[in-house]
Every structure is written in C-alpha cells, then in structure tokens.
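Working notes for the structure below.
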Amino acid sequence: MPKASSSNLTAERVNRERLLRRIEELAKFGATGDGGVTRLAYSEDDIRARSAVADWLAEAGVQSRVDAAGNLIARVAGRGGSRRTLATGSHLDTVVQGGRFDGAYGVMASLEAVIRIAESGTPLWHDVSLVVFSNEEGANGTPGMVGSHIVSGVPVDVDQLDHTGVPLWRRLADVGGDASALDEAVWAHDSVAAFVEMHIEQGPVLEDEAADIGVVTSITGRSNLVVEITGQQQHAGTTPMTNRCDALVVAARLIGEVDALAQKGAVRVATTGRITCSPNVWNVVPGSVHLTVDLRDEDRSRITAATAHIRRLAGDLSATTGAAVDVRQGPEVPPVAMDAELADCISDAAGQLSLPSLRMPSGAGHDAQLVARTAPTAMIFVPSIGGVSHAPQENSHDHHLTQGADVLLRALRLIDERLKR
Ligand code: HGY
Ligand code: MN
Ligand code: MN
C-alpha cells in the first residue's frame with residue numbers, strides 16, 4: 001500500500017471494495033435468509049463476528065484484546081506519544097430479525113479507517129482505537145449498551161438474569177469479559193480525547209433531505225417500563241362477560257393509551273414492543289400479561305411526565321377492572337448533546353469530500369450517548385433506504401456506505417490535528 005504523504009492525505013480514501021466485501025461477510029454471522037440478521041449479544045454468532053473482526057485487524061498487523069466489559073478493543077500507535085487516544089467504533093450485536101447494517105456498518109467503517117491509518121505510513125498524532133461495544137441492543141431482556149455503560153463508569157447489575165435465566169456476568173465471561181474486574185474497563189478521565197461513532201441513520205431524514213452525511217447534534221433520551229398485569233385465568237366458554245378479569249383486555253386498553261400519548265405529542269415516540277400473554281391458549285381467558293413500553297424524547301422532562309401519566313393510568317385500570325397492574329422502571333438513558341467542535345470537524349470532512357451534510361438529532365439510542373459522559377463524542381450518519389431499520393429490509397446504498405467511511409477517516413485526521421496538545 002503506497003505511503004500516504006501529508007500532501008496527498010486529501011486524496012486519502014478507504015479501500016471501498018474491502019469495506020463492502022467485509023460488510024457482506026460479517027452479515028453471514030446470524031443471517032436469517034431474508035437479507036436480515038439475528039446476532040444477539042453473547043451468542044455464538046456474535047462471538048464468531050467478533051472473532052472475524054479480530055482476524056481482520058490481525059491481518060493488518062493490529063492486535064486486539066477484550067476488556068472486562070466484553071468490549072473488543074484495538075489500538076494503533078500515534079506519532080505524538082500522547083497519553084490520550086482517539087476512539088471510534090460501534091456494536092456488532094443486533095435485535096431479533098434485525099438488519100445487516102445497524103451497528104455492524106459503524107464497526108466496519110471504523111475498522112477500515114483504523115486499518116487505512118495503520119497501513120498508510122502516516123500515523124495520527126494521537127493513538128487511535130477501535131472499540132466494539134458489547135451488548136448494545138439488550139439481548140434477551142438485558143439492559144442495552146452494557147459495554148458502553150461500563151467504560152463510562154455507569155454501574156450495571158451483572159447478577160440480573162436474562163430471559164433464559166442466565167446471569168449477565170456469565171454472558172460477559174462467554175465473550176472474554178470478567179465481571180469481577182469491571183473497574184479495569186472504565187476509561188480513565190481524559191484518556192480519550194474524542195470518540196466518533198459511525199452509524200446508519202435508521203430513519204428517513206437524510207434520504208428525504210437528499211443529504212449524504214448526517215452530523216448528529218444530539219441523541220434521544222429513552223426510558224423503558226416493564227408492566228405486569230394480573231387478572232383471573234378462566235374458562236373462555238363458561239365465564240360470563242360480567243364475571244371476567246381478562247388481563248389481555250386490560251393490556252389492550254393500556255397499549256391504546258400509550259400510543260395515544262405519543263400521537264397527541266406528549267412524548268416524541270412510544271412503543272409497546274414486547275408482550276407475552278399467559279397461558280396464551282385460544283379457549284382460556286388470559287390470567288396474566290407482561291409487556292414493555294419504550295418512551296423517547298429529546299426532553300427528559302417529557303419522558304418523566306409521560307411515565308407518570310402511564311403510572312396513573314395503570315392505577316385507574318386496576319381500580320376499574322380489579323386487575324393488578326404493576327409498572328416497573330426498566331433501563332433508562334438520558335438525552336445527550338454531541339460535541340460541537342467534533343461536529344464541526346465532521347462537517348468540514350464532508351465538505352472537503354464535496355458531500356452534502358445535514359445537522360440532525362438521533363431518534364435511535366447509541367453507545368455514543370454513554371461514552372459522551374466520559375469523552376467528547378460525535379456521530380456520523382449515512383442514509384437508510386426508506387428509513388427502514390431493525391428489520392430484515394434494512395439497507396443502504398454502497399456509495400453512501402463507502403463515502404461515510406471516507407468522511408470518518410478524514411474526520412479522524414482533522415480531529416487529530418485539532419486536538420493535538
Ligand atoms: O433502541 C435503540 O435505539 C438502539 O437500537 N439500541
Ligand atoms: Mn439498534
Ligand atoms: Mn445501533
């Protein structure tokens with residue numbers, strides 16, 4: 001690979017063929033056959049995908065390690081001897097029946113940028129690290145963003161059991177982590193000069209605005225509620241309608257009210273994404289229902305108000321139906337602003353590459369919103385076709401994927417120069 005002299009760094013690009021080829025290779029781990037991927041955190045497919053990334057790094061002469069939080073981390077030395085590093089990365093795990101690009105694209109673009117820097121012969125002034133965060137999506141009912149919570153010093157309950165009855169500390173061990181040494185994974189204050197996460201937008205804005213690059217201004221706040229409804233299991237044929245306490249009917253009323261809350265604008269979005277009904281049999285009046293509510297907004301006070309409204313509603317439903325309606329606070333992550341100076345570097349990088357860019361908030365949650373607690377943080381988006389994500393149809397155009405990686409590579413160099421000290 002020719003050495004990139006500082007004069008022709010403006011011509012520096014990622015290896016586009018290698019990037020696109022590796023995105024497709026990565027998608028084989030957990031492929032669902034319909035173009036999508038189910039690669040749950042800590043699963044065999046997740047482990048194989050992480051191993052592939054480690055192998056690709058090793059091919060480029062870059063060694064990697066797994067920290068106590070289960071994050072895969074690689075580092076390429078800079079020329080300045082700085083104790084601070086630039087970091088870039090995302091996650092490899094997906095939701096159930098997810099897509100090939102959520103998280104994975106960011107990891108592959110970051111991998112490609114770090115390898116290009118390593119093979120260019122023109123190292124950054126800072127060291128540059130690739131970070132593959134563990135369990136961003138919250139597999140099997142675990143809280144999401146586990147790896148980024150831990151590096152940013154936010155406690156995680158490793159003794160909690162997931163939906164399969166396995167404690168989180170066991171899952172961390174499965175990927176090489178060590179729940180007894182989590183403090184070793186916490187990033188020391190000021191050890192990371194900047195973190196940049198590359199991600200598909202997962203929404204329609206860039207496509208609607210004909211912009212190739214999104215420069216993220218903020219990341220949404222998010223609160224998950226867990227609702228348990230207990231009614232009375234009874235025979236579907238012999239129990240009069242006046243004698244019922246049907247848990248699923250109570251759930252239906254709650255779900256309708258949660259949707260109405262967002263429809264009337266009390267909170268940006270509200271979603272009942274998970275519901276289980278017991279005994280879930282055609283001729284039995286449901287005795288109990290478990291469901292989750294996902295609330296999001298850029299304004300934390302609106303999430304708080306919506307949560308209070310749902311708790312009041314639960315009380316009213318309980319009083320009028322006789323069912324027990326228990327609302328428990330699940331994982332929550334506050335909204336966060338991205339670093340303005342880093343955002344300017346990203347806009348400059350897009351401009352130098354003659355790519356139209358747009359400043360925009362993120363409606364999805366990301367590891368970056370935890371990392372922002374411990375280091376200046378920024379995000380770059382590329383368009384999602386039709387705005388579809390968290391579905392097998394998730395897709396992005398090749399030129400957007402490769403252009404985005406070029407912007408990341410250029411932005412890392414601009415940030416490196418801007419933050420030298
Ligand atoms: O839910 C989210 O926004 C992210 O995909 N974990
Ligand atoms: Mn996701
Ligand atoms: Mn993601």
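The values are calculated or read from the model by the stated rules, or taken from the named source; none is laboratory data. Here the structure is a predicted model, which is why all the values come from computation and not from measurement. All Cβ positions, even for glycine, are placed from backbone atoms using ideal geometry, and neighbour counts span all protein chains on display. With ligands, DNA and RNA removed, areas are computed over all heavy atoms of the protein, side chains included. Shrake-Rupley method; radii C 1.70, N 1.55, O 1.52, S 1.80 Å.
When you scan the stretch 106-115, do you find a residue that is at pLDDT 95 or above, within 15 Å of ligand 1 (Cβ to nearest atom), in a loop (DSSP other than H, G, I, E, B) and in contact with a helix residue (DSSP H, G or I) (Cβ under 9 Å, 6 or more places away or on another chain), even just one?
Here is the first cut: in the stretch 106-115, the residues at pLDDT 95 or above are 106-115.
Those still in the list that are within 15 Å of ligand 1 (Cβ to nearest atom) too: 106-107.
So of that shortlist, the ones also in a loop (DSSP other than H, G, I, E, B) come out as none.
No, there is no match, as no residue in the stretch 106-115 is at pLDDT 95 or above, within 15 Å of ligand 1 (Cβ to nearest atom), in a loop (DSSP other than H, G, I, E, B) and in contact with a helix residue (DSSP H, G or I) (Cβ under 9 Å, 6 or more places away or on another chain).
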Flagged pairs (Cβ under 7 angstrom, 6 or more apart or on separate chains; first in the stretch 352-365, under 29 Å from Thr10 (Cβ atoms); second open to solvent by 70 Å² or more (accessible area, probe 1.4 Å)) are Gln352/Thr10; Pro356/Ala210; Leu358/Glu209
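Can you find, within the stretch 363-389, the residue that is most open to solvent (accessible area, probe 1.4 Å) among those that are farther than 13 Å from Ser218 by Cβ, small (Gly, Ala, Ser) and within 13 Å of ligand 3 (Cβ to nearest atom)? Walk me through how you get there before you give the answer.
Let us first name the residues in the stretch 363-389 that are farther than 13 Å from Ser218 by Cβ, namely 367, 370-371, 373-376, 380, 382-389.
Those still in the list that are small (Gly, Ala, Ser) too: 375, 384, 386-387, 389.
Narrowing the set further to residues that are within 13 Å of ligand 3 (Cβ to nearest atom) leaves 384, 389.
Details: Ser384: 1, Ser389: 26 Å².
The residue in question is Ser389.
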Elements of type strands (runs of 3 or more DSSP E) in the stretch 1-101, at least 1 residues being open to solvent by 10 Å² or more (accessible area, probe 1.4 Å), in the same structural domain as Ala349 (by TED's automatic domain parsing) and in contact with a Cys (Cβ under 6 Å, 6 or more places away or on another chain)
none
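Residue-wise test of (1) within 21 Å of Ala87 (Cβ to Cβ); (2) under 21 Å from the mean Cα position of the chain (by Cα); (3) hydrophobic (A, V, I, L, M, F, W, C).
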{"site": "Asp344", "(1), (2), (3)": "yes, no, no"}
{"site": "Gly351", "(1), (2), (3)": "no, no, no"}
{"site": "Met360", "(1), (2), (3)": "no, yes, yes"}
{"site": "Ala391", "(1), (2), (3)": "no, yes, yes"}
{"site": "Leu419", "(1), (2), (3)": "yes, no, yes"}
If you go through the stretch 210-225, how many residues are within 20 Å of the chain's Cα centre (by Cα) and open to solvent by less than 30 Å² (accessible area, probe 1.4 Å)?
11
Checked the stretch 316-339 for anything free of Cβ contacts under 8 Å to residues at least 60 places away in the same chain and open to solvent by less than 70 Å² (accessible area, probe 1.4 Å); matches are Ser318
Only one of Pro143, Pro155 is open to solvent by 10 Å² or more (accessible area, probe 1.4 Å), at pLDDT below 95 and either farther than 27 Å from Ile275 by Cβ or aliphatic (A, V, I, L, M) (or both), namely Pro155
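Among the residues of the stretch 131-140 satisfying the criterion of being at pLDDT 95 or above and surrounded by fewer than 24 Cβ atoms within 10 Å (Cβ to Cβ), which is farthest from ligand 1 (Cβ to nearest atom)?
So the first thing to find is which residues in the stretch 131-140 are at pLDDT 95 or above, and the list is 131-138.
Now restrict to residues that are surrounded by fewer than 24 Cβ atoms within 10 Å (Cβ to Cβ): 137-138.
On the way: Glu137: 5, Gly138: 7 Å.
Restricting to residues being at pLDDT 95 or above and surrounded by fewer than 24 Cβ atoms within 10 Å (Cβ to Cβ), the top hit is Gly138.
This table checks each residue for (1) in contact with a helix residue (DSSP H, G or I) (Cβ under 7 Å, 6 or more places away or on another chain); (2) hydrophobic (A, V, I, L, M, F, W, C); (3) in contact (Cβ under 8 Å) with a residue 60 or more places away in the chain.
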site: Pro155; (1), (2), (3): no, no, no
site: Gln160; (1), (2), (3): yes, no, no
site: Arg171; (1), (2), (3): no, no, yes
site: Gly214; (1), (2), (3): yes, no, yes
site: Ser218; (1), (2), (3): no, no, yes
site: Arg222; (1), (2), (3): no, no, yes
site: Thr230; (1), (2), (3): yes, no, yes
Restricting the search to the stretch 116-148, which residues are touching a helix residue (DSSP H, G or I) at 6+ places or on another chain (Cβ under 6 Å), in a loop (DSSP other than H, G, I, E, B) and under 18 Å from Asp45 (Cβ atoms)?
Ser134, Asn135, Thr142
